[in-house]
Each structure stands twice: as C-alpha cells, then as structure tokens.
1. Do you know which residues across region 169-181 are polar (S, T, N, Q) and open to solvent by 10 Å² or more (accessible area, probe 1.4 Å)?
2. At pLDDT 75 or above, farther than 18 Å from R75 by Cα and open to solvent by less than 90 Å² (accessible area, probe 1.4 Å), is that true of G108?
3. Please go through region 192-239 and pick out each residue that is in contact with a Ser or Thr (Cβ under 9 Å, 6 or more places away or on another chain) and either of a type in the set (D, E) or more than 26 Å from A47 (Cβ to Cβ) (or both).
4. Can you pull out every residue in region 126-168 that is among the hydrophobic types (A, V, I, L, M, F, W, C), in a helix (DSSP H, G or I) and either open to solvent by less than 80 Å² (accessible area, probe 1.4 Å) or modelled with pLDDT of 80 or more (or both)?
5. Collect the residues in region 218-227 that are surrounded by fewer than 18 Cβ atoms within 10 Å (Cβ to Cβ), part of a helix (DSSP H, G or I) and either without any contact (Cβ under 8 Å) to a residue 12 or more places away in the chain or aromatic (F, W, Y) (or both), keeping them in residue-number order.
6. In region 194-208, what residues are part of a helix (DSSP H, G or I), of a type outside the set (S, T, N, Q) and open to solvent by 10 Å² or more (accessible area, probe 1.4 Å)?
7. So, in region 182-193, of the ones that are open to solvent by less than 10 Å² (accessible area, probe 1.4 Å), hydrophobic (A, V, I, L, M, F, W, C) and modelled with pLDDT under 80, which residue ends up nearest to G91 (Cα to Cα)?
8. Looking at region 169-181, is at least one residue of a type in the set (A, V, I, L, M, F, W, C), at pLDDT 80 or above, assigned to a loop (DSSP other than H, G, I, E, B) and more than 16 Å from V31 (Cβ to Cβ)?
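The values are calculated or read from the model by the stated rules, or taken from the named source; none is laboratory data. All values reported here derive from a predicted model rather than from experimental measurement. Glycine also receives a Cβ, built like all others from the backbone with ideal geometry; neighbour counts cover every protein chain displayed. We work out accessible area using only protein heavy atoms, side chains counted, and drop any ligands, DNA or RNA first. Shrake-Rupley method; radii C 1.70, N 1.55, O 1.52, S 1.80 Å.
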Amino acid sequence: MLLQLFTALVFAGSFAAGLLGALTGLGGGVVLVPLLTIAFHVDIRYAIGASLISVIATSSGAAAAYVREGFSSIRIGMFLEVATTIGAIFGAFLATWMPTRALAILFGLVLLYSAWLSWQMSRRQEEVHHAVNPWSDRLRLSGSYPDREGREQPYTVDRIPAGFATMFGAGTLSGLLGIGSGAVKVLAMDQVMRIPFKVSTTTSNFMIGVTAAASAGIYLHRGYVDPGLAFPVMLGVLA
C-alpha cells in the first residue's frame, strides 16, 4: 500500500515537472530532483539518474509538436548538440568524483540562476535580430518561425563560436545534475546567438533529450538508475 502511494505521488509530481519543462524549455529536472530528494528523501544520485530518464521523455513528448509547428530548428539543434553531448559525458564522469554536498550546492545555484533567467525573459519583449554573419550562411543556421498571425519571421544566427562554447557548459551541467540545462541552452541561443526566444525554448526542448541520453548511459552503467523510481517518473513527465 505504501509503495503504491509512493508511486502515485511520484507520478503526480513528475507530471507537474514535465508540464513546466515543456512550457519553458528549461527541462523538468529543475523541479524533479529537489522534489525527489527533499520530499521523498531519495539519494541525490538516484534522483539525478531518474531525472535524466525523465528529461529524455520530456524532449520526446514536446519536441515532436514544436517541430511540426515550425518553431524548433533541427539544424541549429543538431549543430549545437555536438558541444552539449561532449559536455554531458564529461559532466557524468565528473559527478562520480564530486561529494553529494557539492552536488546539492551546485544544484541550488543553478536553480537560482534558472529563476533569475526566467524572470528576465518575462520582462522583455520579443525581438528579432537580423545580424549579418557569414558562418550562419555557410552552416545554413538561419531560418524563420511563425508569429501569432501565422506570418513567417526570419532570423539570423550570430556569435556562433561563443554559443557553441556555452553549450559545452550546458552539457556539463546536464551530466552533473541530471537536468536538461535548458536555462543555459536558452541563454546561449537567445542572449549570445541572438536567436528569437520562441525558437530558443523550443529548440532547447528538442536538444535536451539527446544531451540527457549521453550521460544517462553512464549513470545506468554505474547503477544509479533505479527502474522502480525511473518508471513512474518517466510516465508522469511524458504525460
């Protein structure tokens, strides 16, 4: 009976975390890991392992809809995934050497940063940048997205090397903390690369699943993915 109650509560919490992650592009892990560790007293490494599985589910569930509607840029996402995947593998290896207290402190700092970034984004208007960047043309990263009236708004990607380097940091945080690190991905695309916010958040959702999968295999190999915990988490987030 207690196990069934625990599973139901985890499912409900995961549903809320997945909804938040899909709406904001930040990934449900920023809610899920604190929920599992504080409310359910799950060891943080097992919480990170379950969160990585849930991040894959979040990306799989939301990304398909965003791609179909024309918001996500598959070309930008696949290009930047090179940096985030390398960072995720590095972060997953680094996490095994860090003490639990250090992981908890780092996670708290990332939560504060995510809250600040979300607040900053909500206070400014949508801007479309038309910078001239030869690398954007060579890599064919520029594109367009539909606005509220259904008209296509073109945009040009800028400062590609700086955004690529920031994505490596986002991947490292993903492997370390079991989050989609969507806050850092959105920062890199929106603030650094001057990609419109709607495209940044939706492309972030497309990317976080690949980033999480790169580090989830390492956590699984080291025994930090508990199927009894990860299964209701994954179903809740996907729903």
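1. Matches in region 169-181: T172 only.
2. Spelling it out, G108 is indeed at pLDDT 75 or above, farther than 18 Å from R75 by Cα and open to solvent by less than 90 Å² (accessible area, probe 1.4 Å).
3. V192, M193, R194, I195, V199, T202, T203
4. Correct list: L139, I160, A162, F164, A165, M167, F168.
5. Correct list: H221, P227.
6. Going through region 194-208, the residues part of a helix (DSSP H, G or I) turn out to be 197-208.
After this cut, where a residue has to be of a type outside the set (S, T, N, Q) as well, the list is 197-199, 206-208.
Selection gives F197, K198, F206.
7. The extreme case among them is A183.
8. Among the residues of region 169-181, not one is of a type in the set (A, V, I, L, M, F, W, C), at pLDDT 80 or above, assigned to a loop (DSSP other than H, G, I, E, B) and more than 16 Å from V31 (Cβ to Cβ), which makes the answer no.
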